[in-house]
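Following: one structure in structure tokens, then a few remarks.
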Amino acid sequence: METITIVLNGKEISGRPGMTILDLAREVGVKIPTLCHNKHLAPFGACRVCLVEDEARHALVASCVTPIAPGMTIRTDSPLVLETRKTVVELLLSSHPEACVLCDKGNACELRAIAADLGIGEIDMDRIRRYSEIEDANAFIERDLTKCILCGLCVRVCQEINVIGAIDFSGRGFNARPSTPYDMPLDQSACEYCGTCVTLCPVGALSEKTRQYRGSGLENVPTVCSFCGCGCSILLQTRDNRVMSVRPNTENSVNGVSLCVRGHYGHDYIHSAERLTVPLIKEKGSFKEASWDDALDLIAEKLSDIKKQSGPDSIGIFGSFRCTNEENYLIQKFARAAIGTNNISNSARMSASPNIVGLTKAFGYAGATNTIEDIERSDVILVLGANPHESHPLIAQKIKRAVRFHGAKLLLADPRLNRMTPFATQWIRPAPGTDIAFINALIRVIIDENIYDKDFVRDRADGLDKLMECVKRYPPAYAAKVTGIPEEQIVEAARTFANADSACIIYGSGITQYLNATYSVLAIANLALVTGSLGRPGTGVFPLVKENNGQGACDMGVLPDLLPGYRKVSDAAARANLEQEWGVKLPVAEGLSAVEIISQAASGGIRAIMNVGANPVAVFADSHTMKQALQALEFFVALDIFPTPTTELADVILPVACFAEKDGTFTNTERRIQRVRKAVDPPGQSRAEWQVLADLFRRMGIPADYKSPADIMDEIARTTPIYAGVSYERLEREALHWPCTAADDPGARVLYENEFPTGGKAKFMKVEYLVPDEEPNINYPFSLITRSHLYHFGSGARTRHSKQLSEIFPECFLEIGPEDAEGLAVAHGQHVKVISKNGAIELPAKITDGLPRNIVFVPVSLSAAEVNSLFSTELDVVTRIPNRKMCTVQIERV
């Protein structure tokens, strides 16, 4: 590689073309102070604190914006540099308040630190006061622009990283300042309270509203966010056994310098007064406090008796995305080794099963093919059945950056207007449940116009003839009638996608939580294969795993039909491997899915359930029926961090640790395995789930000599081929994506670069469009769709215990278009009754222009149990999961 040599402080140093003086200095350990610079942002050169002397030209230059050039002779500490730097800092201090003791930034203030390094105490300059009102009319951020030094970091990160643009500079000269449009309050602007501006602010101009004057955290504990499947790296700042604040961890992370509002401000649930803190046993309908020994003895005794009386398959076990990989591994091991049943499932399966079945059948592995970082390298991005802005903000950020800064084209398929729509080259609005017809029509156009990737198809895929025969039945004219998408839009989208050098497909639960969702996933796989959009950076298929460890829970085999590593329970070799490790014979027959377990509970086929961290009453369809079935159980155990509609029905409740109170690993949506670290002690008598399970194993006669989660990961590596090369030692120093099959295997950031596990070639699948199980009719004229919400998560069990998130969005609502609202004579804010074939709920109406006629929307995270009561428990025949994304309803004024 070509290098450029300069003289830096008397030494010859070589760097790469494109490096700035600051880049090179920091690379070799020479300290140059900065206030406006951040490695994640474009160089700005505003503060002038980083000035250095170019001795050849006898000039001062800003090191952050000056590229290195051959023959340069640079001094970073000459008398001229130090004198000028001191003057610059004194000028900044002359208009800066002196009340450092009261400032939330405290010892972390970068201006104060630089002043101390330069030996600046009192300044001789006349002070020029700039007074600004403190703004705190929101739940998250306080702005005190009296302290602002105009570094521009807040403006630039909002525009360059998060691509929101809620603030910019207003005014000129001394009156310049960062501002929202027309100086409107933050809560009325486009601000989404991601907090990245607070993170980067070098002084106290921006601070967290709830952290005022509590001092800086004494310890930074690196761990992983507990919300969506992006797996953002965070630092928990702790003091006196409390999490004081959350910051992005920029070291070896997927998210760099940014977080979303949930990740930054939603973790105050950790110290909620409503946490469960002591084991509870129900006696005569009321819960009584109990010792751990009494509670665990009762559980072991009851499960053993029921197993002896009715067989192991009379018991069901639920795991959870909230648990670590190590805990989920023990959960399925407890079901299979201690109980002897494959009746084991987790709530993430409700959206992951179509991916597991479809992607494994088409490609070979049940996971995203590329990394999140790769999205920014795509020329064309097709988003289907997802609103990543609400569900996966980091992925939305990557999409927006790809469009804004790299010229990518976004094809957004969503009937509802959302914050991604302004970035779309094409906004495509398919009728709910018609995705297969749309995708097949795209493939039909691509094949008809001979713009498919012939080399890739010939060399790397089988079954094109079957696919061509299938898509003949899907000309754009037919698809237009089925989907409601204009024919010309279908043709244009097909050409845009097929002609891209690199294209990727991102899809979410709007694809995977319908009946027949596996066929939609197979159709997406067909589109990726026919265009050669696999095996390279910038390409790929991205199923958006909803939950923080939804991928890991499935990887660990918390599934009724699959063992750890996605090996079938009928696979004799896989069972033999586990039997040798565990010292027991394993069940062979597939178990029941989660919904089937609860249905069997209603009929008496399942007598006991142990529920580790799941909340089926809130997240499963037809919540009323779920509740009745759980009430019919002979014995029900719940392990959780909060009381929930599910724990209320339990016979025994065990209080467990949240993510911040234990060690382990999570696996994110890009198959990246990451360390979770204990930052604080759990409240009261709460314990980590792995410790509880180890105690239960011993009571059930199964050895469980685990001293730490690292021991469990070592066992996972011995029994799970795709994790065979994973260890805590490696995770401390490098990022690992499965499959990682040996200690010297670096893991696979990009899948299928050379071949597919499915016999070397991928497989095209014949996929036909099936009419949705529910279509609007005269009795139920509206299609109700559900999606995630930016300010809440999952069933809301944790985010509704977050004071800040609940303050900004306290209640659920029904979005309805103005024409439909007018037809129903419904006013904004008026309560309406939403009635389906299965149930009814009341919600306030929110009139919005973002919906087409006869489609309404409810954000599920704000009131999950009530919304899910509208949906049927009818199961898909392939994946055995219900539809939770669209049902037909009627709406009445209350």
- Query: Looking at (1) in contact (Cβ under 8 Å) with a residue 12 or more places away in the chain; (2) open to solvent by 10 Å² or more (accessible area, probe 1.4 Å); (3) touching a strand residue (DSSP E or B) at 6+ places or on another chain (Cβ under 9 Å), can you tell me which one residue 297 breaks?
  - Reply: (3)
- Those residues of segment 120-149 which are at pLDDT 85 or above, touching a Cys at 6+ places or on another chain (Cβ under 8 Å) and open to solvent by 20 Å² or more (accessible area, probe 1.4 Å) amount to 147, 149
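Go through segment 847-861 residue by residue and tally those that are open to solvent by less than 10 Å² (accessible area, probe 1.4 Å) and either modelled with pLDDT under 90 or touching an Asp or Glu at 6+ places or on another chain (Cβ under 7 Å) (or both).
The initial filter retains those residues of segment 847-861 that are open to solvent by less than 10 Å² (accessible area, probe 1.4 Å), namely 850, 856-859, 861.
Among the residues that remain, those that are also either modelled with pLDDT under 90 or touching an Asp or Glu at 6+ places or on another chain (Cβ under 7 Å) (or both) are: 850, 856-857, 859, 861.
Adding up the residues that qualify gives 5.
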- Taking helices (runs of 4 or more DSSP H) that do not extend beyond segment 504-558, which have at least 2 residues that are out of contact with any strand residue (DSSP E or B) (no Cβ under 8 Å at 6 or more places or on another chain) and at pLDDT 95 or above? 517-530
- Query: When the residues of segment 155-171 are filtered to those that are within 20 Å of residue 373 (Cα to Cα) and among the polar types (S, T, N, Q), which remaining residue is surrounded by the most Cβ atoms within 10 Å (Cβ to Cβ)?
  - Reply: 162
- Message: Can you pull out every residue in segment 777-795 that is part of a loop (DSSP other than H, G, I, E, B), touching a strand residue (DSSP E or B) at 6+ places or on another chain (Cβ under 8 Å) and buried (at least 18 other Cβ atoms within 10 Å of the Cβ)?
- Response: 780, 788, 793, 794
- Within segment 611-623, can one find any residue that is assigned to a loop (DSSP other than H, G, I, E, B), over 25 Å from residue 324 (Cα atoms), out of contact with any strand residue (DSSP E or B) (no Cβ under 9 Å at 6 or more places or on another chain) and not hydroxyl-bearing (Ser, Thr, Tyr)? no
- Message: Among (1) buried (at least 18 other Cβ atoms within 10 Å of the Cβ); (2) modelled with pLDDT of 90 or more, there is one condition residue 80 misses while meeting the rest; what is its number?
- Response: (1)
- Query: With respect to the numbered conditions (1) open to solvent by less than 20 Å² (accessible area, probe 1.4 Å); (2) touching a helix residue (DSSP H, G or I) at 6+ places or on another chain (Cβ under 7 Å); (3) on the phi > 0 side of the Ramachandran plot; (4) not hydrophobic (A, V, I, L, M, F, W, C), which one is the sole condition not fulfilled by residue 45?
  - Reply: (2)
- Can you tell me which residues in segment 89-112 are outside any helix (DSSP H, G or I) and open to solvent by 50 Å² or more (accessible area, probe 1.4 Å)? 98, 99
- Show the residue pairs that are 6+ apart or on different chains and have beta-carbon atoms under 6 Å apart, the first residue being within segment 584-613 and hydroxyl-bearing (Ser, Thr, Tyr), the second being open to solvent by 10 Å² or more (accessible area, probe 1.4 Å). 593/880
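Could you look through segment 751-776, keep only residues that are assigned to a loop (DSSP other than H, G, I, E, B) and of a type in the set (D, E, K, R), and pick out the one that is nearest to the chain's Cα centre (by Cα)?
First, pick out the residues of segment 751-776 that are assigned to a loop (DSSP other than H, G, I, E, B): 751-755, 757-759, 761, 764-776.
With the extra rule that they be of a type in the set (D, E, K, R), the set shrinks to 753, 755, 761, 766, 768, 773-775.
Numbers: 753: 26, 755: 29, 761: 31, 766: 32, 768: 31, 773: 29, 774: 30, 775: 31 Å.
In this case the residue turns out to be 753.
Would you check if residue 500 is modelled with pLDDT of 95 or more, open to solvent by 10 Å² or more (accessible area, probe 1.4 Å), of a type in the set (A, V, I, L, M) and not in a helix (DSSP H, G or I)? Write out each step before concluding.
Details: modelled with pLDDT of 95 or more: yes; open to solvent by 10 Å² or more (accessible area, probe 1.4 Å): yes; of a type in the set (A, V, I, L, M): yes; not in a helix (DSSP H, G or I): yes.
So residue 500 fits the description; yes.
Confirm whether residue 418 is touching a residue at least 24 places away in the same chain (Cβ under 8 Å), among the polar types (S, T, N, Q) and touching a helix residue (DSSP H, G or I) at 6+ places or on another chain (Cβ under 7 Å).
Criteria met by residue 418.
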- Message: Quick test for you: out of 331, 317, pick the one residue that is open to solvent by less than 10 Å² (accessible area, probe 1.4 Å), modelled with pLDDT of 95 or more and part of a helix (DSSP H, G or I).
- Response: 331
- List the number of the failed condition for residue 802; all other conditions in (1) over 30 Å from residue 640 (Cα atoms); (2) open to solvent by less than 20 Å² (accessible area, probe 1.4 Å); (3) not basic (Lys, Arg) hold. (1)
- Unique residue being over 25 Å from residue 401 (Cβ atoms) and either touching a Ser or Thr at 6+ places or on another chain (Cβ under 7 Å) or assigned to a helix (DSSP H, G or I) (or both) when the list is 115, 139: 115
- Task: At least 1 residues that are open to solvent by 20 Å² or more (accessible area, probe 1.4 Å) in each: list the strands (runs of 3 or more DSSP E) lying fully within segment 344-444 that qualify.
- Result: 409-413, 426-428
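Tell me, which residue of segment 246-279 that is in contact with a Phe, Trp or Tyr (Cβ under 7 Å, 6 or more places away or on another chain) and open to solvent by less than 20 Å² (accessible area, probe 1.4 Å) is nearest to residue 800 (Cα to Cα)?
First, pick out the residues of segment 246-279 that are in contact with a Phe, Trp or Tyr (Cβ under 7 Å, 6 or more places away or on another chain): 261-263, 265-266, 274-276, 279.
Those still in the list that are open to solvent by less than 20 Å² (accessible area, probe 1.4 Å) too: 261-263, 265-266, 275-276, 279.
Numbers: 261: 14, 262: 11, 263: 14, 265: 12, 266: 9, 275: 12, 276: 15, 279: 23 Å.
So, considering only residues that are in contact with a Phe, Trp or Tyr (Cβ under 7 Å, 6 or more places away or on another chain) and open to solvent by less than 20 Å² (accessible area, probe 1.4 Å), the one nearest to residue 800 (Cα to Cα) is 266.
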- Query: Which pairs have Cβ atoms under 7 Å, sit 6 or more apart or on different chains, and link a residue in segment 83-107 that is among the acidic types (Asp, Glu) to one that is at pLDDT below 85 and open to solvent by less than 30 Å² (accessible area, probe 1.4 Å)?
  - Reply: 90/123; 104/211
- Checked segment 796-838 for anything farther than 24 Å from residue 510 by Cα, touching a residue at least 40 places away in the same chain (Cβ under 8 Å), part of a loop (DSSP other than H, G, I, E, B) and of a type in the set (A, V, I, L, M); matches are 825, 826
- Query: Taking segment 602-618 only, how many residues are within 22 Å of residue 332 (Cβ to Cβ), surrounded by 24 or more Cβ atoms within 10 Å (Cβ to Cβ) and hydrophobic (A, V, I, L, M, F, W, C)?
  - Reply: 5
- Note on the structure: Here, helices (runs of 4 or more DSSP H) confined to segment 636-738 with at least 1 residues that are surrounded by fewer than 21 Cβ atoms within 10 Å (Cβ to Cβ), among the aliphatic types (A, V, I, L, M) and touching a strand residue (DSSP E or B) at 6+ places or on another chain (Cβ under 6 Å) are 728-731
- Give the residue that is farthest from residue 726 (Cα to Cα), with candidates limited to residues of segment 526-577 that are open to solvent by 10 Å² or more (accessible area, probe 1.4 Å) and of a type in the set (Val, Ile, Thr). 531
- Task: Report, ordered by the first and then the second residue, all pairs with beta carbons closer than 8 Å, sequence separation of six or more or different chains, a first member in segment 538-562 that is at positive phi, and a second member that is among the hydroxyl-bearing types (Ser, Thr, Tyr).
- Result: 538/378; 538/502; 540/369; 540/533; 557/329; 557/566; 557/720
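Select, from 220, 241, the only residue that is over 16 Å from residue 134 (Cβ atoms), of a type outside the set (Asp, Glu), surrounded by fewer than 18 Cβ atoms within 10 Å (Cβ to Cβ) and in contact with a strand residue (DSSP E or B) (Cβ under 9 Å, 6 or more places away or on another chain). Full working, then the answer.
Working: 241 fails: in contact with a strand residue (DSSP E or B) (Cβ under 9 Å, 6 or more places away or on another chain).
Only one candidate passes the filter, namely 220.
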- Message: Test of understanding: among 344, 428, 356, which residue is of a type outside the set (Lys, Arg) and over 30 Å from residue 797 (Cβ atoms)?
- Response: 428
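The values are calculated or read from the model by the stated rules, or taken from the named source; none is laboratory data. Note that the structure is a prediction, hence the values are computed from the model and not measured. Glycine also receives a Cβ, built like all others from the backbone with ideal geometry; neighbour counts cover every protein chain displayed. With ligands, DNA and RNA removed, areas are computed over all heavy atoms of the protein, side chains included. Shrake-Rupley method; radii C 1.70, N 1.55, O 1.52, S 1.80 Å.
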